[in-house]
1. Tell me which residues, restricted to region 76-86, are surrounded by 11 or more Cβ atoms within 10 Å (Cβ to Cβ) and either more than 16 Å from the chain's Cα centre (by Cα) or of a type in the set (D, E, K, R) (or both).
2. Residue pairs, Cβ under 6 Å, 6 or more apart or interchain, first in region 34-57 and farther than 14 Å from A76 by Cα and at pLDDT below 90, second surrounded by 10 or more Cβ atoms within 10 Å (Cβ to Cβ) and β-branched (V, I, T). List them.
3. Examine region 11-30 for a residue that is at pLDDT 85 or above, within 14 Å of the chain's Cα centre (by Cα), surrounded by 15 or more Cβ atoms within 10 Å (Cβ to Cβ) and more than 22 Å from A83 (Cβ to Cβ), and state whether such a residue exists.
4. Can you pull out the residues in region 47-58 that are out of contact with any Phe, Trp or Tyr (no Cβ under 6 Å at 6 or more places or on another chain) and surrounded by 15 or more Cβ atoms within 10 Å (Cβ to Cβ)?
5. From the list R67, R35, R42, R73, which one is surrounded by fewer than 15 Cβ atoms within 10 Å (Cβ to Cβ), assigned to a helix (DSSP H, G or I) and touching a strand residue (DSSP E or B) at 6+ places or on another chain (Cβ under 9 Å)?
Amino acid sequence: MPCAMADLVLDLAPSIEVVLLQGADADHGWRRLLRLHPGIERERGLAVVRTFHPSPQALFTKDTAERAARVARREAAFAEVAALLR
């Protein structure tokens, strides 16, 4: 997400409490936003949760333990977001 777009979305939805970043591109875009606005998470009281991209390709690996760890991380991220929103 380009930085200007992320900033605009946050301005349009001022009551956002949690940001779920799914994938490297989302994380990269968020880090770019933080370079422009280093205090945005603190100023807006945002909780940021990172996880793998939701595409099935994110689980493509021959290592079954790694695949299980990725699934578990994704589920943990969803649970974390749910807990933050309660």
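The values are calculated or read from the model by the stated rules, or taken from the named source; none is laboratory data. As the structure is a prediction and not an experimental result, all values here were calculated from the model. With ideal geometry, Cβ positions are generated from the backbone for all residues, glycine too; neighbour counts draw on all protein chains shown.
1. Residue satisfying the conditions is E80 alone.
2. Correct list of pairs: empty, since none qualify.
3. Within region 11-30, one or more residues are at pLDDT 85 or above, within 14 Å of the chain's Cα centre (by Cα), surrounded by 15 or more Cβ atoms within 10 Å (Cβ to Cβ) and more than 22 Å from A83 (Cβ to Cβ).
4. A47, V49, R50, T51, F52, H53
5. Exactly one of R67, R35, R42, R73 is surrounded by fewer than 15 Cβ atoms within 10 Å (Cβ to Cβ), assigned to a helix (DSSP H, G or I) and touching a strand residue (DSSP E or B) at 6+ places or on another chain (Cβ under 9 Å), namely R73.
So that you can scan it fast, the table gives a plain yes or no per residue for (1) closer than 24 Å to L12 by Cβ; (2) aromatic (F, W, Y):
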site: E41; (1), (2): yes, no
site: S55; (1), (2): no, no
site: F60; (1), (2): no, yes
site: E66; (1), (2): no, no
